[in-house]
1. Would you say MET1 is open to solvent by 100 Å² or more (accessible area, probe 1.4 Å) and modelled with pLDDT of 65 or more?
2. Just one of (1) open to solvent by 90 Å² or more (accessible area, probe 1.4 Å); (2) at pLDDT 60 or above trips up CYS69, so point out which.
3. Scan VAL20, VAL60, VAL27 and give me the residue that is at pLDDT 60 or above and open to solvent by less than 90 Å² (accessible area, probe 1.4 Å).
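The values are calculated or read from the model by the stated rules, or taken from the named source; none is laboratory data. Being a predicted model, the structure only gives us computed values, none of them experimental. Side chains are part of the model used for accessible areas, which takes the heavy atoms of the whole protein and leaves out ligands, DNA and RNA. Shrake-Rupley method; radii C 1.70, N 1.55, O 1.52, S 1.80 Å.
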Amino acid sequence: MGRRSKEEVLYVAGQRPTTVQDHIALVEIDLTGELMIAAAAASEDRLSPDRIDEVLDVDVDGEGGGRGCPVPPSS
């Protein structure tokens with residue numbers, strides 16, 4: 001296998017989609033970040049389950065609307 005020219009490498013690299021988004025993964029990353037920020041700001045060693053629910057905006061009444069249960073975007 002020989003060396004490829006710069007033009008050939010750019011051509012091959014350009015064939016991949018430039019933006020691939022996994023919306024569920026992005027929500028999970030955002031929620032993980034929120035938990036990390038809350039944990040860093042907490043005075044106690046661990047976040048309580050109630051504090052975790054609060055940070056994740058979990059609706060404990062089951063009425064929906066919280067960020068803890070992401071809904072995939074409609075197509």
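1. On the way: open to solvent by 100 Å² or more (accessible area, probe 1.4 Å): yes; modelled with pLDDT of 65 or more: no.
Spelling it out, it is not the case that MET1 is open to solvent by 100 Å² or more (accessible area, probe 1.4 Å) and modelled with pLDDT of 65 or more.
2. Of (1) open to solvent by 90 Å² or more (accessible area, probe 1.4 Å); (2) at pLDDT 60 or above, only one is false for CYS69: (2).
3. On the way: VAL20 fails: open to solvent by less than 90 Å² (accessible area, probe 1.4 Å); VAL60 fails: open to solvent by less than 90 Å² (accessible area, probe 1.4 Å).
On inspection, the qualifying residue turns out to be VAL27.
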